[in-house]
Every structure is written in structure tokens, then in C-alpha cells.
Amino acid sequence: STTGGWELPWLGPWGDQYELRLSVRGDAYQTDGDPITFGTDGDNSEFRLFPRATLTWSWPLIGDSFGLTPLIEPVVMTTWTPTGLNDPLIPNEDSQDFEFDDTNLFEPDRFPGLDRVEDGAHVAYGLRFGLYGAGQQLNGLFGQSYRFSGENVFGPNSGLDQDLSDYVGRVDLSPDEWLNVRYRFRLDRDTLSLERNELGAAVGPPRVRFDVNYLSLEDDPTADEPREREEVTAGLSIAFSPALAVRAQTRQNLDLGEPVAHSAALVYRNPCLLLVAGIERRYTEDRDAEGGTSVSLRVIFQNLGELSGETSLFGL
């Protein structure tokens, strides 16, 4: 897969901001076996080429009140690409684990990978807000999207399974540098009932940081059948120096009372390089993926690119 593009930002007469992005992406697939039936017969070559145009408008309104800096920023993003881009002969391996939230509301393509494409035209709109002071800040986001055209490629209960999406939002509170609290949510488009609750907190100085995150889903969009999901994730990060740190994390399924995964990682960074070496033990099974232990290595050359690899150690 390769992408080329052009971006043009500019300022409007009232301090409003615009950004126009034009891009073309090309994907090439060579498959062994049948991606539709998952049979072992046959092989296939598929190619996909599509342009995309995206225009984003925002208007940050900043004030000064009682020594604090308030911010209100309406945002609108509209994007277009041709329809009919998801050929069934292209297997979907990297875009199955999808969740609609505040992090991808203003993304032209909300899928996390390349195998599936959000085609057609849609618009996303919302409001960013904040209140900033000396060492303290409160900020958040609330928004929704609407699909004008394109395939309905998102699963049921995903929040994007209809033309008008669910509402998504986030609130961050940092009363001091040693504490950060975040609440993320998704509301049903019709009833405004909570479909997703996520509450997290990070405590401690920068060199020793403990974090915990609670997640509740009314309907799990990644499950074969819609079901509730409730889990908690806890982690600890220790920085031995500005360049070297270690992190350990555990994830527990509260409904079943059993672990989902344990992981640990060693992180090294300098102005030119980021190196992450990790090990993870997973206890869940999903489709043809069994639980097991995997070792991964990521090498990121700042401003140049990334190399990564992973090996699974089943039975350990």
C-alpha cells in the first residue's frame, strides 16, 4: 500500500482555520486461498486505487477570564472518496477490531487498518472546549457524524451502523501534574442512553506513573453476538532516565472473572530513535487466533519510518 497527497492550510478573515487535503492511495493484494469462504483452493491478485478529498474547518475562540484561558472551538470535517472500494476478494485482517470514539471522529477513514475502506462521503461535526490555567487544565470534545453515501461497512452496535452516528465525547481533567483523569463515552443517537463508558486515571510523578482504566460496553461490536463487556486495565511505568523506561500492564475481564492479557515492555528513546521491545501473554481466543505468548520489537526512526516484527510462542 502506498499513499501520496497534498495539503493546504489557510486562515480565514475571522481567525477561522481551514485545511484542504487531497490524496491518492493504491493497494495491492496477493492471496493464497479463498478470502470469501476461507477455503484453501485458488489464489488471487487484487488492486485498488482511489482518491480522497477532505476539507476541515475550525474556529478556535480563546478568551481570558480571572487568570484562566477558556477555549471553545467548533469543528466540521467533510470527506469524499469513490464508492464500491471494498471488494470481497480482499481479506479483512487488520480492520476487524473497530470502535467508534472521540479519537477517530474527525478521521477521514475510521477503520484502524488498510483492508477495509470507509468510502463515499460523510461529514463530522463537533465542539472542542477547554479551560487552562497555571498547571491545571480541563478540556474535552463532543460530536457526531453523518454519512451521505457509501457502503454500510460497519458492524451492528458499532455506533456507525446507520447514516447518522451515535454521539461520542471525552473529558480530560488535570488539576496537577501528578494526576490526570479521563472520561470517554458514546451515547445512542436516538435514546441518548450510554453505550460505552470508559474512565481512566494516571497518578504519580513523570518517573513513576500508575494508571488504571475501566471500560464498559453495552453491546460489544467485536463479538460474534452482541453482548455486554466490562473490563479493567492497570499499568505501571518507571523511567530510569529520560531515555530508558519499563512498563508492565494487566487486563482483566470483570464479567468472566479471568485475565485477558498480561504484558511488559522496555522502551528506549532519543531524538533519532524509538525502540520498544515487549512480551505479551494473551488468554483469549478469537476466530482462528489462539491464546499464547508473543514477543514483539518495534524500531521507529524519527521522521523516517518504522520496522516491526512479532513472533508467537504458543504453549508458553
Considering only residues of segment 49-66 that are open to solvent by less than 40 Å² (accessible area, probe 1.4 Å) and under 14 Å from SER23 (Cα atoms), which is modelled with the lowest pLDDT?
-> PHE50
Of the numbered conditions (1) modelled with pLDDT of 90 or more; (2) more than 17 Å from the chain's Cα centre (by Cα), GLY159 fails exactly one; give the number of that condition.
-> (2)
Checked segment 77-90 for anything of a type in the set (A, V, I, L, M) and crowded, with 18+ Cβ neighbours inside 10 Å; matches are MET77, LEU85, ILE90
Only one residue in GLU118, GLU93, GLU99, GLU107 is touching a Gly at 6+ places or on another chain (Cβ under 9 Å), surrounded by fewer than 16 Cβ atoms within 10 Å (Cβ to Cβ), charged (D, E, K, R) and assigned to a loop (DSSP other than H, G, I, E, B), so which one is that?
-> GLU93
If you check every pair at least six apart or on different chains, which have Cβ atoms under 6 Å apart with a residue in segment 239-254 that is of a type in the set (Ser, Thr, Tyr) first and a residue that is open to solvent by less than 40 Å² (accessible area, probe 1.4 Å) and in a loop (DSSP other than H, G, I, E, B) second?
-> none
Please work out if GLY130 is in a strand (DSSP E or B) and surrounded by fewer than 19 Cβ atoms within 10 Å (Cβ to Cβ).
-> yes
Collect the residues in segment 227-237 that are at pLDDT 95 or above and either open to solvent by 70 Å² or more (accessible area, probe 1.4 Å) or hydrophobic (A, V, I, L, M, F, W, C) (or both), keeping them in residue-number order.
-> VAL232, ALA234, LEU236
Is it true that some residue in segment 213-226 is open to solvent by less than 70 Å² (accessible area, probe 1.4 Å) and modelled with pLDDT of 95 or more?
-> yes
Selection count where residues are hydrophobic (A, V, I, L, M, F, W, C) and open to solvent by less than 50 Å² (accessible area, probe 1.4 Å), scope segment 182-202 | 4
Residue check, TYR183 more than 16 Å from the chain's Cα centre (by Cα) and aromatic (Phe, Trp, Tyr) = no
Note: among ASP27, ASP43, just one is over 30 Å from GLN137 (Cα atoms), open to solvent by 50 Å² or more (accessible area, probe 1.4 Å) and out of contact with any helix residue (DSSP H, G or I) (no Cβ under 7 Å at 6 or more places or on another chain), namely ASP43
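The values are calculated or read from the model by the stated rules, or taken from the named source; none is laboratory data. Keep in mind that what you see is a predicted model, and the values were worked out from it rather than measured. Counting neighbours? That spans all protein chains shown, and the Cβs are built from the backbone with ideal geometry, glycine included. SASA here: full protein model, heavy atoms, side chains in, ligands and nucleic acids out. Shrake-Rupley method; radii C 1.70, N 1.55, O 1.52, S 1.80 Å.
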